[in-house]
Every structure is written in C-alpha cells, then in structure tokens.
Amino acid sequence: MSQISSINFKKSFAINTQHNDRTLAPSYLISDIGCEVNRTHKEALKLRNEIIKEAIETYNEKKSPKAPNFKAKSYEWSAVVNIKSDTNMQDLEKLAEHFEKKYGFQCYQIAIHRDEGYIDDKGEKIINHHAHLEFITLDKNTGKNMYRREL
C-alpha cells in the first residue's frame, strides 16, 4: 500500500511552540511516547523574534525612500506534515531547508508528535504520526513577505 503525504499550512497561534514541545500539553494525548523537538518553546520564541527583527531591519534598510516602512502582518505560519513512524528530525530539517531554499521561509521550530491519535474499536492505540514546523515567511535578504497570493 502506498503512503499518502500531505502538508497543511495555517496561520500560527501564540501557543503553537508550547503545544509543540508539550509545555502546554493537550488533554487528548493517548501515548506517553511523547514528542521530539529541535528547539524548546523558549528557544523557538527567541529565534522567531530574531528572525522577525532582522527581516524588519533589512526591509527598512533596503526599501526605497518613497516606500512605506515595514507593514507586513501575516508572516507567521505553521505547517503540519503527516510522517511515517520512522521519520526522524533530520528528515524534517531537510524539508525545512527545502522551504527556505525554494520559498525563503525560515523555520524556527520542528516538533515530531508520536503521542496523538485515537483508540479503535478493539481498544488499540492508533498513533497519528505527524510533525509541526513553525515558519516565518519573511525573506532574509529583502524582509518582504514571501507567503503572498501573487507568489
């Protein structure tokens, strides 16, 4: 049977980094296997803020004098990816690298969740293997938002 793959982007919420590292664990966890993250909530927020600050500074330095100051608002995005049970952090770091090279999206946190799912009719735990990738979609070279309808 072939695997179906998907990635779904949605606007980020303030609690995403806490959900991802289980600082703020949801009530629906079915396994104690837990999760794996490349950065804790605090580390991720620090990196996110640095990325945003640098992008704003870059934009304001490179814009023409007549152009308005930085005004982008919708540049924090969260992607959920379905994964195999043996997918590892290095696989997801390669995916994040792809998004940075192709689209200019900068990933500031990756989390692998192996503790969510459901209990089937036989009482067996069915794990929903997935990962969360948190992105800032501001281009590091221009400060412009790369996640726009026209792009």
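Worth pointing out:
- Fluctuation leader among GLU100, GLU61, GLU134 - the chain, Gaussian network, Cα springs under 10 angstrom: GLU61
- Heavy-atom accessible area for PHE13, with the other protein chains in place and a 1.4 Å probe, reaches approximately 150 Å².
- Remark: the chain carries a charge dipole of roughly 960 debye about the Cα centre, counting +1 on each Lys and Arg Cβ and -1 on each Asp and Glu Cβ.
- Across LYS10/LYS101; LYS53/LYS84; LYS42/LYS62, pairs whose alpha-carbon gap is larger than 28 Å: LYS53/LYS84; LYS42/LYS62
- Among GLU54, GLU36, GLU124, residue whose mean-square fluctuation peaks in a GNM of the chain (springs only between Cα atoms under 10 Å): GLU124
- The trypsin sites (Lys or Arg not before Pro) of segment 80-134 that meet both conditions, a loop assignment by DSSP and at most 14 other Cβ atoms within 10 Å of the site Cβ, are LYS84, LYS122.
- Estimated translational diffusion coefficient (Stokes-Einstein, Kirkwood radius over Cα pairs, 37 °C, 0.692 mPa s) of segment 20-63: 254 µm² per second.
- The residues of the chain present an accessible area of 64 Å² per residue when probed at 1.4 Å with all protein chains retained.
- Segment 1-76 pair-distance distribution - Cα-Cα, 5 Å bins, rounded %: 3, 11, 15, 16, 16, 13, 10, 7, 4, 3, 1, 0
- Sorted largest first by accessible area at a 1.4 angstrom probe radius, with every protein chain in place, the residues ARG39, ARG48 fall in the order ARG39, ARG48.
- ASP91, ASP115, ASP21, ASP121, ranked by accessible area, largest first (probe 1.4 Å): ASP121, ASP91, ASP21, ASP115
- On a per residue basis, the convex hull of the C-alpha atoms belonging to the chain measures out at 130 Å³.
- For segment 76-106 and segment 11-71, distance of Cα centres in Å: 15 Å
The values are calculated or read from the model by the stated rules, or taken from the named source; none is laboratory data. Just so we're clear, the structure is a prediction, and the values are computed from it rather than from any experiment. Positions of Cβ are generated from backbone atoms using ideal geometry, with glycine treated the same way; all protein chains shown enter the neighbour counts. Just the protein is used for accessible areas: all its heavy atoms, side chains included, with ligands, DNA and RNA removed. Shrake-Rupley method; radii C 1.70, N 1.55, O 1.52, S 1.80 Å.
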